[in-house]
1. Check Gln91 against each of (1) touching a strand residue (DSSP E or B) at 6+ places or on another chain (Cβ under 6 Å); (2) open to solvent by less than 40 Å² (accessible area, probe 1.4 Å); (3) not aromatic (Phe, Trp, Tyr) and name the one condition it does not meet.
2. Quick check, is Asp118 among the acidic types (Asp, Glu) and open to solvent by less than 60 Å² (accessible area, probe 1.4 Å)?
3. Kindly indicate whether Ala170 is farther than 24 Å from Val44 by Cα, open to solvent by less than 10 Å² (accessible area, probe 1.4 Å) and touching a residue at least 60 places away in the same chain (Cβ under 8 Å).
4. When residues of region 30-51 are filtered for being open to solvent by 30 Å² or more (accessible area, probe 1.4 Å) and not in a strand (DSSP E or B), how many remain?
5. If you scan region 150-167, which residues turn out to be among the β-branched types (Val, Ile, Thr) and crowded, with 17+ Cβ neighbours inside 10 Å?
6. Which condition number does Ala58 fail, the rest of (1) at pLDDT below 95; (2) open to solvent by less than 90 Å² (accessible area, probe 1.4 Å); (3) closer than 30 Å to Glu93 by Cβ being met?
7. Residues to consider are Val78, Val107, Val69; find the one that is open to solvent by less than 30 Å² (accessible area, probe 1.4 Å), touching a Ser or Thr at 6+ places or on another chain (Cβ under 8 Å) and β-branched (Val, Ile, Thr).
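The values are calculated or read from the model by the stated rules, or taken from the named source; none is laboratory data. Keep in mind that this is a model prediction, so the values were computed, not measured. Cβ atoms come from the backbone with ideal geometry, glycine included; neighbour counts cover every protein chain shown. These accessible areas exclude ligands, DNA and RNA; they are computed on the full protein's heavy atoms, side chains included. Shrake-Rupley method; radii C 1.70, N 1.55, O 1.52, S 1.80 Å.
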Amino acid sequence: MRALTSIALLLTATAASAKTPELRDVVVTNGEALVRRAPDRAFVTVTVETRAKSQRDAQRQNAEAMTAVQQRLDQARVPKDAMRTLGYDLQQEFDFPQGRRVLREFVARNAVEVRVDDIARVGELLDVAVQGGATSIGGVRFDIQDRETVEKEALRLAVVDARARAAAAASGAGRSLERIIKIEDSREPGIGIPRPMMSIARAEAATTPVEPGLIEVRARVTLTASMR
């Protein structure tokens, strides 16, 4: 029985070693790729801040002001599903005369993110929000609607780069690639840099200029290949 067990273990080990290349027959390389695309979507953060001596007045004034902003955006043909609330808070602010804490006023803030699917309208909608009563525009973040396709293209190019490096390394050692054993994907999402825009301002006659630039999507892979 022991003899049969030993033979079985030996056969299993031999089969595993036949499938797995020796360490000296393997090359490991890293590949990188960078794909640049013009953004076709933007996100704008619109904030309304109100102050009052009472909590109820601060809330009421804020609700009225944000409603006015949303109505102006609705009139500018911004879809309802393109707006979402990011946060709402109501706080007390104090003064400290002679070391004593004295209530100054209540501050209510309501922040809404607006999705803009037409880059050419970003400046126009910034002005619409400010004219509607927004007290600050936190920034603009650009993105790509079909991000998945761009990420796949970056990944493909990263694999091509890693394979070319592996082939060059094998050639330098007097060998050639036999087959790809493993590819590891290290994702690195590209994000449009938020740009500060305006705070407590009113738009002038000219539309606020906006330069979207380019979105960078990077991909990194680690490729393991056997050599012959």
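1. Single failed check for Gln91: (2).
2. no
3. Working: farther than 24 Å from Val44 by Cα: yes; open to solvent by less than 10 Å² (accessible area, probe 1.4 Å): yes; touching a residue at least 60 places away in the same chain (Cβ under 8 Å): yes.
In short, yes.
4. Number of matching residues: 2.
5. Val150, Val159
6. It fails just one condition, (1).
7. None of the others qualify; the one that does is Val107.
Residue-wise test of (1) of a type outside the set (Val, Ile, Thr); (2) farther than 23 Å from Thr208 by Cα; (3) at pLDDT 95 or above.
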site	(1), (2), (3)
Gln70	yes, no, yes
Ala76	yes, no, yes
Glu93	yes, yes, no
Pro97	yes, yes, no
Arg104	yes, yes, no
Val107	no, yes, yes
Ala120	yes, no, no
Val130	no, no, no
Val140	no, no, no
